[in-house]
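Presented below is the structure to which this report refers.
Nothing in this text is a laboratory measurement; each read-out follows from the coordinates by a stated rule. Here the structure is a predicted model, which means the values were calculated and not measured. Methodologically, a virtual Cβ is constructed for each residue, glycine included, from the backbone with ideal geometry; neighbour enumeration extends over all protein chains shown.
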Amino acid sequence: MSSVGIVMLVHTALHRAEQVARHWLAAGCPVVLHVDRNVSEADFQAFRDRFRDQPRVKFSDRHRCEWGTWGIVAASQSASALMLERFAEVNHVYLASGSCLPLRPVQELQDYLAARPQTDFIESATTTDVPWIIGGLGAERFTLRFPFSWKRHRRLFDGYVRLQRRLGVRRRVPDGLTPHLGSQWWCLTRKTLTSILSDPRRPEYDTYFRRVWIPDECYYQTLTRLHSGKVESRSLTLSKFDYQGKPHIFYDDHLQLLRRSDCFVARKIWPQADRLYQAFLSDSLSAMKAAEPNPGKIDRLFSKAVERRTAGRPGLYMQSRMPNWWCQNTLTCAPYSVFQGFAELFEDFEPWLAKASSMQVHGHLFAKSHAEFAGGATLLNGGLSNSAVWRDHNPWGFLANLIWNTRGARQGFQFGPEDAQKITEFLVRDANAHIAVISGAWAVPLFLARGDFEEARQKAAQLQRIEAAFLKALRAHDVKARVRIWTMADFVEAPMESLQSILDDVGGAAPGHLTETPKMVKLEGFGQFLQDLKNQGMHPYLMGDFPVGHTPPPQIPAERKPYLVR
Amino acid sequence: MRLRRKRRILRGMRKSRELTPVQDNTARIKPADILLVCTFRNEQIRLPYFLKYYRDLGVQHFLFIDNGSEDGAAEYLSGMADVSLWHTTASYKRATYGVDWMNHLLRKYAHGHWALVVDPDEFFVYPFCDTRPVRALTDWLDSSQIRSFASMLLDVYPKGRLDQAVYRSGQDPLEIAPWFDSGNYSMSLNKEYGNLWIQGGARARVFFSKNPKKAPALNKIPLVKWDRRFAFVSSTHMLLPRGLNLVYETGGGEKASGVLLHAKFLDTFAAKAEEEMDRKQHHAASAEYKAYREALRDHPDMWCKWSERYINWRQLEILGLMSKGNWA
């Protein structure tokens, strides 16, 4: 004889329900079964016959149980009433489903409840205080009418909700009730349950809840607050829901996790999870101590699953994740640095940067000929090829892949107006892009080459146009990248501070101050070169002001710093 | 699109006359069975392991189309109660590379079933495939109201020359070809059909390094809760109606997806490439096979420093090639 009675709502996998029911019976708990009316009469009779030998199993009136409708409440009402009437020794009624599985020996549950004879275990919270309402209907589920099935007639459902909102129709909640919500799986005391079922105002309440949305999650939750002396607002059944509001399912590989959860009952179990049924329904098992339920690990597992489904891994583009641009801040998975003009102004910028920071420093990844991977490699992590045709086939994908493949190691690369420019749109919109530009530095190689002047003039005009377009994009109001722009003239005046700020941003290996600086190219005659361009009608303006005869100030570190330390 | 879909279905019906049943066990298909549809030609050597792999996953009935095999595949399959076999010697190309035949069989036998459509060198890997049968996946998809499941093609290859990776019948091809490329896939959206177009991998790196446009598509949707109104359009790359192609999330999250391990690159490959070149039954005048044949003359090693060795599905999920989505 046990003081715990089990009410089971069954609709599919009847053989599993039978197995579990027998498990409860073996421990002395009486069981009342409610079989969904959708189960065929023949199946029902066969199921019933299998319990012919069990006087402590009763079958209640059958109702049609469709998700989100009144039928489920009606089913639990009939079954609970039957339980209270037929089994006088029952003090706690435990509501379970056919896919629930007891995880701890039934004796432990009986002891636990016997030690708390006055406590009702039912999750019950007011609508304003819970975040887990799916579908946007919070308080409205109590003030609108829901005559249409959400599953079968979604359009009618949605349309009718809209109509009521527009007309401002509101239902009155019966006096004295404060709507509460919570898990539909409860365990109530005889006293509370009797008060609910025999309340003189029950017809009024039932009429009201019949048209509330998902009444099984609020009927008992609300009425318990009216009748119970001691509510423990949690469910003894471990049941987790995903972002669509559908229960997570347990499989064989969850065995250890379930064992360690110390929960009394879990749902929903996959009907074919043979190992779970075998492990938890064998009586020998009593490994758990008399602990409080602790579903923390399972909570984490499932909340991670929901997070993966709703947010995913930033910067990953794959067959089942292809986020739109506008719905994300970062287009890549980790911060990276883009340098424009540095490799032109300093002779050994790349090796210097690689040494001064912990960054992997590439050359011009978007050079016309091929992607200049660090160390001249032809393939990079993940088998990424340096082929220009493949890169230009999908430049955004190329960069996103590169950053994803090398996650864990910060990446930096050179960029410039001579490179393929299709990537700029991506760079500008990516909050992970840290872009540093020395504008006008593209003129330095032209100046140093001292080639055919007419050619240089045309080239300069072209590069200036391209860089100007990039700078304009970098200065737009909706830029997400972190951008720093110096004119070449400004940069040359005080290169040390600027380089230091870049290193600080990268968070390089060497803390503190710069001990070694890269070697700046010799700029004598650069002013004259620019003036010559001007004289030919091509006005270079991006580099700032370099007067004719301008010689770089003698304190420019680039000219002496290489000899400083070492 | 509706017209195109109808056209595909009609073509399937017309082309169905080319199929002769050799072994018809379709009466044994039970209402909720998981079916597998596969077209092959001279692949007998692969069938023993193929059947074992998919039986272990829980496939309940195999529907094979034998496109003129001469290697005794029919004899091998004869008598297997869970196998139905059709034979045809008609043109693969003119049956839209086998799609018309497949559509016909699916329409006739797979209505209301979960159907897996794969080639004999493709091995379906999905989240938790080492602990949960395919039925667990399809039950979950059903309860989530998802009708189609994406699994991109992941080329696996041996280390060293292909002709030295000798495949014995019944062997797990991954024993000799366990390597794959993990991070060189390029995706773009096919606006017309709404599917993603994925290219890359080892095949693109080795055989199509100069010609991205010609590189084969890797996006596949091999697992579908079939309805007689559905139709594959081009291999299993895309389907109609287009809603079935939306297997990816655009709002930032990840949908659940799997991978088809593609064990094409074994010692059997060179002979296959020659044969397919001569038959000219493949896409774009067999341009794909032309590229293979040319490259194969130099006995390329597909392996590179960055090749990953296949361990299990969790590894693929960590690398970002597939996802558990919200299945836990």
Return the percentage of antiparallel bridges among DSSP beta bridges fully within the range A:325-563, rounded to the nearest 5 %.
-> 15
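State the volume of the convex hull built on the alpha-carbon positions of the range A:132-226, expressed per residue in Å³ and rounded to an integer.
105
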Using alpha-carbon positions, what is the distance between the centroids of the range B:220-262 and the range A:236-273, in Å?
-> 29
Compactness of the range A:172-233, expressed as Rg and Dmax over alpha-carbon positions, Å | 10.9, 30
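Return a whole-number percent for the relative contact order of chain A, with Cα pairs under 8 Å and 6 or more residues apart as the contact set. Display every interim value, and only then the final one.
Working: 926 pairs, mean separation 63.2, N = 566.
For chain A, the relative contact order is 11 percent.
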Fraction of the pair-distance distribution of the protein assembly as shown above 42 Å, Cα-Cα pairs, percent = 51
Run down the lysines and flag those whose C-alpha is under 21 Å from the C-alpha of A:LYS230, throwing out any fewer than 8 positions away in its chain.
-> A:LYS191
For the protein assembly as shown, whose charge dipole is built from +1 on Lys and Arg Cβ atoms and -1 on Asp and Glu Cβ atoms, the candidate among A:LEU188, A:PHE366, A:ILE438 with its Cα farthest towards the positive end is A:LEU188
Taking H placed 1.01 Å from N in the peptide plane, check which residues at least 5 places from A:GLU123 or on another chain put their amide H under 5 Å from its amide H.
-> A:SER183, A:ARG234, A:SER235
More than 29 angstrom apart: percent of Cα pairs within the range B:1-160 = 19
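If you put +1 on each Lys and Arg Cβ and -1 on each Asp and Glu Cβ, how big is the dipole of the range B:2-319 around its Cα centre, in Debye rounded to 20? Don't skip to the end; give the middle numbers.
Numbers: 48 positive and 37 negative charges, 331 e Å.
Dipole magnitude for the range B:2-319 comes out near 1580 debye.
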Cut-off under 5 Å, modelled amide H: who pairs with B:VAL37 long-range = B:LEU63, B:LEU116, B:VAL117, B:VAL118
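Specify, per residue and in Å³, the volume enclosed by the convex hull of the alpha carbon atoms belonging to the range B:9-53. Write out the running numbers ahead of the final one.
Details: hull volume 5.9 nm³, N = 45.
So the per-residue hull volume is 132 Å³.
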With 23 Å as the limit, write out which pairs from A:LYS246/A:LYS297; A:LYS459/B:LYS210; B:LYS255/B:LYS305; A:LYS246/B:LYS191; B:LYS6/B:LYS191; B:LYS93/B:LYS214 have Cα-Cα distances beyond it, or answer none.
-> A:LYS459/B:LYS210; B:LYS255/B:LYS305; A:LYS246/B:LYS191
Sorted largest first, extent of the range A:340-458 alpha carbons per principal axis (Å) = 44, 34, 28
Please express the Cα-Cα pair-distance distribution P(r) of the range A:325-563 as a list of whole percents, one per 10 Å bin, running from 0 to the bin with the greatest distance.
-> 7, 32, 36, 21, 5, 0
Mind listing the Cα extents of the range A:221-319 along all three principal axes, in Å, largest one first?
-> 53, 41, 24
Would you mind checking which residues have amide H under 5 Å from A:CYS65's amide H? H placed 1.01 Å from N; only 5 or more apart, or other chain.
-> A:ARG37, A:ASN38
Rounded to one decimal in nm, the spacing of the 7 Å Cα→Cβ label points at B:ASP278 and A:ARG152 is 6.2
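Calculate the dipole size of the range A:350-485 relative to its Cα centre from +1 charges on Lys and Arg beta carbons and -1 charges on Asp and Glu beta carbons; express the result in debye to the nearest 20. Intermediate results must be reported in sequence, preceding the final value.
Working: 16 positive and 12 negative charges, 87 e Å.
Taking the Cα centre of the range A:350-485 as origin, the dipole is about 420 debye.
Does the range B:178-233 come out rounded, prolate or oblate by the C-alpha gyration tensor, with a ≥ b ≥ c the root eigenvalues, rounded set by a/c under 1.5 and, if not, prolate when a/b is larger than b/c and oblate if not?
prolate
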May I ask you to derive the relative contact order of the range A:325-563, considering only C-alpha pairs under 8 Å and at least 6 residues apart, and to give it as an integer percent?
-> 25
Any chance you could get the radius of gyration and Dmax over the Cα atoms of the range A:33-115, in Å?
-> 14.2, 42
Between the helical axis of A:395-405 and the dominant principal axis of chain A, each derived from Cα atoms, what acute angle in degrees is found, rounded to the nearest 10?
-> 70
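Over the range B:116-250, calculate the relative contact order: mean separation of alpha carbon pairs under 8 Å at least 6 apart, over the residue count, as a percent.
27
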For the range A:398-515, what does the alpha-carbon gyration tensor say about shape, rounded, prolate or oblate, given a ≥ b ≥ c as the root eigenvalues, a/c under 1.5 as rounded, and a/b over b/c as prolate?
-> oblate
Take the Cα radius of gyration of the range A:271-428 and divide it by 2.2 N^0.38 Å, with N its residue count; two decimals is plenty.
-> 1.57
Its Cα gyration tensor gives chain B an equivalent ellipsoid whose semi-axes in whole Å, largest first, are 27, 24, 21
Roughly how large, in nm² to one decimal, is the mean projection of the convex hull of the alpha-carbon atoms in the range B:90-135?
-> 4.4
Per principal axis, largest first, the Cα atoms of the range B:185-328 extend in Å by 45, 37, 25
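Using only DSSP helix segments of four residues or longer, with each worth -39500 (n - 2.57), what per-residue ellipticity at 222 nm results for the protein assembly as shown after dividing by its residue count and rounding to 500? Numbers along the way, then the final one.
Details: 32 runs with 308 residues, N = 894.
Counting only the DSSP helices, I get -10000 deg cm²/dmol.
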